[in-house]
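Worksheet: one structure, shown below.
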Amino acid sequence: MTAAARANALRSQIRHHEERYYVHDGPDISDADFDALMHELRAIEREYPELADPDSPTQRVGGRPAEGFTSVEHLEPMLSLDNAYSAEDLREFHGRLCRALDLPEDTALPYVAELKIDGLSIALTYEQGRLRRGVTRGDGVRGEDVTSNVRVIRSIPLALSVGGKDGPPRSQPALMEIRGEIYFPRPDFARVNEAREALGEPAFANPRNAAAGTIRTLDPAAVSRRGLRVFVYQTVVVPGAAPVAATHEDVLQTLRAWGLPVERHWERCNGIESVTRFCDRWRDARHALAFETDGVVIKLNDIAMRTRLGATAKFPRWATAFKFPAEQAQTRLLQISVNVGRTGAVTPFAVLAPVRLGGTTVQLATLHNAEEVARRDIREGDLVTVEKGGDIIPKVVGPVVGTRPTPTPAAWQMPTRCPSCATPLVRPVGEVVWRCENASCPARLRRGLQHFASRRAMNIEGLGEALVDQLISANLVTSFADLYRLTAEQLAGLERMGQKSTANLIEEIDKSRRADVWRVLHGLGIRHVGEGAARALARTFGSVAVLRTATVEQLESVGDIGPTVAQSVKAFFATPGNADMIDAMAYFGVQMADAHADNTAMPKPWAGWTFVLTGTLASRTREQAAESIERLGGKVSASVSKKTRYVVAGEDAGSKLEKARTLGVPVLSEAEFETLIMQASDF
Ligand code: IVH
């Protein structure tokens, strides 16, 4: 078999398996076997660059980080949906349709009821069956072109199937927009939020925000890791072209036959009462789904009837969204407490008399911030309404009117000092959240120490949650610095600390004294400084002493560091408690400067590899790319030879790319290069 034939065979096998997995929920090979197919295809494409195909499954992460998104007009406006909140509202909707269609109101109109996916709407343009563009809803008329991010969502086919597997082949309009919803499966949503919390970033309140935030990320490789998916539900053709099918159910079946994922619980309902039963059934059943749904979309099945009905400026007349009511319960608000997070955010929350809500028992609920408590006049002792809507954390809606106990409880006051360390709380200009800026604050310390010791920071094995709690309550540790003066005797006095575990921990702590500076910076838990920013700061400034003296302008001049991070770093070092703690850490032997590169314990996964850079990279300057290569042990050379390990080709790559192809040197796209760096950094 020729390489070209093998590549084609692999591409269609891979597409087949993607379709099995994403459209039919029934993979018929293991992940490892699937990866092996991708691996083989990549190898062939590397060896025979002339076989490159932009729609090959290997090209998903082909897009380069964008500078921003351009605005694009939709084939026809992306309208919103009118809402219905009750069976009564649904009957009214039905009545309107019957009147507009000149039919008696007891006509059993043909409807299709679909689950309403809680995500972000997207319009996918397919030209000659190939994915050309993905555009967000935007203002309905124009949206943002997020094609590079859409291409990495593996449930979206880069090329449509012709159908014909389970029925007749279905012809495809030469140009069409396919519309649907991008969403997070629950487990991926949970994973993304855990990662954000670990970085001290606010968790996404719901999957919709998370999907919207992700699709607007400028780096497709980062989007690819998040695990977004899509469900489609609509086709739009150019004005004058024949519709894809005469009924909506046929549209859904056609979409599926083309290899697109359609949410499979839709039902054909004859008459509005049947629709109401569908809504009733899914009110509770939805909790068992692998994705979030906030309602049911009811659509007229007959496309010709739809055309007769048309649309208002905002909504189509032929569809409506039934919204599930937010689940509510009433209970006593026992106490308003405040929580101190790792990064010092001090936020009020409600301690409630336990109450059943949305399938779980709720005892705590968010009160958002001090302003909200005052605005809703929520007081301790009140009977309150608690609600679980689309967000993961239940919230207190407000006091139940007319039930306030006597004597009237006093209005709640936000503490002026941190409840844990008494440092005066500050509220940065323009923010609603109060903060404790003291890095040694015991409440922050507990969360902070767990993060400090974690694998992606100082990597102190054995210093887990239980031990952190013991160290704090025994008053042995009041700041990160105290870890470095713990003695074996002190540790041996703690629960479950035998001789061996004590010795191991002492050794682990000692080892962390020589951790790279980026680990120290990440471990300190400076707000907005995740691992990436910590690495960038360490690379640029080399030591904590130099970083401490950096001005905001100097900080901002570092690639990857924006004004928010720069301000936050400056504020961190300006807080006296923090500066003292860093001095103490240095005094106890924590290395605060990176030793000469060759002496560091940093692994060098690219040792002996030579890279050649050609063309312009979108996400780094050449110097930055060279720095990353050298940091990982590789070398950069100006010319391509047989010994070159990789040529990294950016935009407008020139003769070096030609030469690489002639010599058979593997060529990396920018995205592949970024992936390689990421993998090596995890080494
Ligand atoms: S149909 C012209 N079907 O809900 C109407 N929309 O609140 C086109 N949505 O903007 C929309 N699941 O983003 C339709 N099964 C579904 C849906 C759905 C979620 C979203 C969509 C729309 C919003 C309206």
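Miscellaneous remarks
- Gained length - LEU364 relative to GLN413, 0.36 nm times residue gap less alpha-carbon distance: 15.8 nm
- Shape category assigned to the chain from the gyration tensor of Cα positions, a/c cut at 1.5: oblate
- Cα centroid of region 104-174 to Cα centroid of region 316-373, whole Å: 35
- Summing Cβ point charges (Lys, Arg +1; Asp, Glu -1) relative to the Cα centre of region 369-503 gives a dipole of roughly 140 debye.
- Dipole magnitude of region 224-340, debye to nearest 20 (Cβ charges: Lys/Arg +1, Asp/Glu -1, about Cα centre): 260
- Taking the C-alpha atoms of region 367-406, convex hull volume expressed per residue in Å³: 72
- Take the Cα of VAL401, step 7 Å toward its Cβ, do the same at LEU103, and the gap between the two points is 4.1 nm.
- Overall form of region 208-291 per C-alpha gyration tensor (a/c, 1.5; a/b vs b/c): oblate
- Cysteine residues of the chain whose Cβ has no partner cysteine Cβ closer than 4.7 Å: CYS98, CYS269, CYS279.
- Centroid-to-centroid separation of region 232-299 and region 474-501 [C-alpha atoms, Å]: 60
- Interchain or long-range residues, amide H under 5 Å from VAL400's placed H: LEU383, VAL384, THR385
- Per-residue 3J(HN,Hα) values for region 416-424, derived from phi via the Karplus relation 6.51 cos²θ - 1.76 cosθ + 1.60 with θ = phi - 60°, read 8, 10, 4, x, 9, 10, 6, 5, x Hz in sequence order (x marks Gly and Pro).
- Gyration tensor verdict on region 257-312 (Cα atoms; rounded if a/c is under 1.5, prolate if a/b is larger than b/c, oblate otherwise): oblate
- Sparse packing (at most 11 other Cβ atoms within 10 Å of the Cβ) combined with a DSSP loop state is found for the following trypsin sites (Lys or Arg not before Pro) in region 472-502: ARG496.
- FRET efficiency, ARG191 to ALA618 (Cβ-Cβ, R0 30 Å, nearest 0.05): 0.65
- A cut-off of 5 Å between modelled amide H atoms, ignoring neighbours fewer than 5 places along the same chain, links ASN339 with THR347, PHE349.
- Antiparallel DSSP beta bridges within the chain, percent to nearest 5: 85
- In this calculation the C-beta distance from GLU73 to ALA311 is compared with R0 = 22 Å, giving a FRET efficiency of 0.80.
- Per residue, the chain reaches -10500 deg cm²/dmol at 222 nm when only DSSP H runs of four or more residues are counted, each adding -39500 (n - 2.57).
- Full-stretch length increase - ASP28, ARG96 - with 0.36 nm per residue and alpha-carbon distance subtracted: 19.8 nm
- Look at the dipole of the chain built from charges on Cβ: of MET38, PRO261, SER639, the Cα furthest out on the positive end belongs to SER639.
- Assuming charge only on the beta carbon of Lys and Arg (+1) and of Asp and Glu (-1), the dipole of the chain about its Cα centre is about 420 debye to the nearest 20.
- Karplus (6.51, -1.76, 1.60) ³J(HN,Hα), θ = phi - 60°, over region 542-554, in Hz, Gly and Pro reported as x: x, 8, 5, 4, 5, 4, 4, 8, 5, 7, 4, 4, 4
- Potential lengthening between GLU556 and GLU465 on full extension [0.36 nm per residue; Cα-Cα distance subtracted]: 29.2 nm
- Chymotrypsin sites (Phe, Trp or Tyr not before Pro) restricted to DSSP loop in region 59-154 with at most 14 other C-beta within 10 Å: TYR85
- In this structure, the residue pairs whose Cα-Cα separation is over 26 Å, taken from LYS299/LYS395; LYS570/LYS635; LYS116/LYS395; LYS323/LYS395; LYS299/LYS323; LYS314/LYS395, are LYS299/LYS395; LYS570/LYS635; LYS314/LYS395.
- Residues of region 77-119 with amide N under 14 Å of a point placed 7 Å along Cα→Cβ from ARG281: 112-115
- Extreme residue, positive dipole direction of the chain, given options THR662, HIS16, ILE509 (C-beta unit charges): ILE509
Computed from the coordinates by the stated procedures, all read-outs in this text should not be read as laboratory data. Note that the structure is predicted; figures quoted are calculated from it, not measured. Here the Cβ is made from the backbone with ideal geometry for all residues, glycine too, and neighbour counts use every protein chain on show.
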